[in-house]
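Following: one structure in structure tokens, then a few remarks.
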Amino acid sequence: MLVSIQYLRAIAALVVVTLHSGWSHTQLGHIGVDIFFVISGFVIESTSRGKQPLAFLQARLIRVAPFYWLMTLAWALVEPPSASRLAASLLFLPTLNELGEVHPVLGVGWTLYFEMFFYLTFAVGMFMGERRLETVTALFVVLVVAKAVFDWDRVYSFVVDPLLFEFLAGAWIFRLRERYGLAPARVSFALIGLTVVFLLFRLDVSPWTPWRFVLWGIPACLLVAGMLGLEDAKQMPRQPLFLLLGSASYSLYLTHLFVVRAMHAPIVFWLPWPAAVALVCAVSCAVAVPMHLWIERPLTDALKSLATPRSARALVGRI
């Protein structure tokens, strides 16, 4: 995996933790989700070549679902949901909570609804071979426009959102890097992206707008492109801690709500908010890394091994 992508994963997960810490004074942490979506599009486009659609879906399901299911069931012990809502969350089906919001049992799981929808549509596009990305792009445009024109049910059309364009942008960034390289514009991309992020921070712009993919998605794309360009130009040093946090970013994303809930106690409230946020981030990382090393990764590896045909496993064993 690219060093820049691992760094971005770590940064994205950490800013989401700051958002949910309860002491953050800005909405800037939302951009972590936008960065994750752009990265996801980049990774899927870069790793899907030569795969069959069903094999692709199987691999993505093994990577995403089991640990999410485990954390969802754990959260259900903390805040018991109805059986129907729990089942819908485990099946990645959007449902309304008591407040009338689309909200899975494990709150951060709403982003995985988009991930799964992207995987499904990308698998459809894979039947078009080398035109898969063009096919998915056209399909997303048609769906988003149709949702705007027709009065679709909010629950069933939840994932048909302009946010899907962030996945597409990540995939097209891969194409751009593959064909032309990103090193020449690395500084421009990074500086413009950071400037827009700073403006979002200063203006405290809300992400809950139909134009989020523009206001928040574009700076996320620029940051991803800029970091990739820096790596292409051999200007990306290897920092072991951030590489580890990048590898553990999925665990950090899914487990930090447990830490936030546990630390919302009177003993923490006397801390000034920067110290409180730093403490929550540190404890969240201390929990996420062992969860990644001892649960998430072994679980994923075991399921991958089971899904691999015996002949293929034998071949891998001889290499």
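Computed from the coordinates by the stated procedures, all read-outs in this text should not be read as laboratory data. Treat the numbers as computed from the prediction; the structure is a model and nothing was measured. Backbone-built Cβ (ideal geometry, glycine too); neighbour counts: all protein chains shown.
Nearest 500 deg cm²/dmol is fine: what mean residue ellipticity at 222 nm does the chain get from its DSSP H runs of n ≥ 4 alone, each adding -39,500 (n - 2.57), divided by its residue count? It would help to have the intermediate numbers written out before the result.
Details: 16 runs with 224 residues, N = 319.
About -22500 deg cm²/dmol.
Using +1 at the C-beta of Lys and Arg and -1 at the C-beta of Asp and Glu, which of V224, Y180, V197 has the Cα lying farthest in the positive direction of the dipole of the stretch 165-248?
Y180
Could you work out how much longer the chain between L176 and L91 gets when fully extended? Use 0.36 nm per residue separation minus the Cα distance between them, nm to one decimal. Write down the numbers at each step before the final one.
Working: separation 85, 0.36 × 85 = 30.60 nm, distance 3.45 nm.
The L176-L91 span can extend by a further 27.2 nm.
Hey, what's the Kirkwood Rh for the stretch 209-308 if you take every pair of different alpha carbons, in angstrom?
Numbers: mean 1/r = 0.0602 Å⁻¹.
After inverting the pairwise mean of 1/r, the radius is 16.6 Å.
Over the chain, with a Gaussian network built from C-alpha contacts below 10 Å, which listed residue (L271, L279, L86) shows the highest mean-square fluctuation?
For the chain, modelled as a Gaussian network with Cα springs under 10 Å, the answer is L271.
Quick check for me: using +1 on Lys/Arg Cβ and -1 on Asp/Glu Cβ, what's the dipole size of the chain about its Cα centre, in debye to the nearest 20?
On the way: 24 positive and 18 negative charges, 215 e Å.
That gives a dipole near 1040 debye.
How long are the three semi-axes of the equivalent ellipsoid of the stretch 35-123, in whole Å, if each is the root of 5 times an eigenvalue of the C-alpha gyration tensor, listed from largest down?
Each semi-axis is the square root of five times an eigenvalue, giving 27, 13, 11 Å.
Per residue, how much space in cubic angstrom lies within the convex hull of the C-alpha atoms of the chain?
Values: hull volume 50.9 nm³, N = 319.
Roughly 159 Å³ of hull volume per residue.
Just need the relative contact order of the chain here, percent rounded to a whole number, with Cα pairs under 8 Å and 6+ apart. Can you show the working numbers first?
On the way: 375 pairs, mean separation 93.6, N = 319.
Relative contact order, the chain: 29 percent.
Pick out, in residue order, every one of the trypsin sites (Lys or Arg not before Pro) in the stretch 120-194 that is DSSP loop and has at most 13 other C-beta atoms within 10 Å; say none if there are none. Kindly include the intermediate steps, with their values, before the conclusion.
Values: sites: R131, R132, K147, R154, R175, R177, R179, R186; in loops: R154.
Filter output for the stretch 120-194: R154.
Ranked from highest to lowest mean number of other Cβ atoms within 10 Å per residue, what is the order of the peptides 8-17, 231-240, 56-65, 137-146? Let's see the in-between values first.
On the way: 8-17: 23.9, 231-240: 12.8, 56-65: 17.2, 137-146: 15.0.
Highest-to-lowest ranking by the protection proxy: 8-17, 56-65, 137-146, 231-240.
Of the listed peptides 73-84, 27-38, what is their order by residue-averaged count of other C-beta atoms within 10 Å, with the highest listed first?
On the way: 73-84: 13.2, 27-38: 23.7.
Ranked from most to least packed, the peptides come out as 27-38, 73-84.
Length gain on complete extension for the stretch Q52 to W294, per 0.36 nm per residue less the alpha carbon to alpha carbon distance?
On the way: separation 242, 0.36 × 242 = 87.12 nm, distance 3.05 nm.
Extra length available between Q52 and W294 comes to 84.1 nm.
So which GluC sites (Glu not before Pro) in the stretch 65-127 pass both tests, a DSSP loop state and at most 12 other Cβ atoms within 10 Å of the Cβ?
Numbers: sites: E98, E101, E115; in loops: E98, E101.
Counting only loop positions with at most 12 other Cβ atoms within 10 Å, the GluC sites (Glu not before Pro) in the stretch 65-127 are E98, E101.
Starting from the Cα-Cα distance between L61 and V124, subtract it from 0.36 nm times their residue separation and give me the gain in nm to one decimal.
Values: separation 63, 0.36 × 63 = 22.68 nm, distance 1.54 nm.
Contour length minus Cα-Cα distance gives 21.1 nm.
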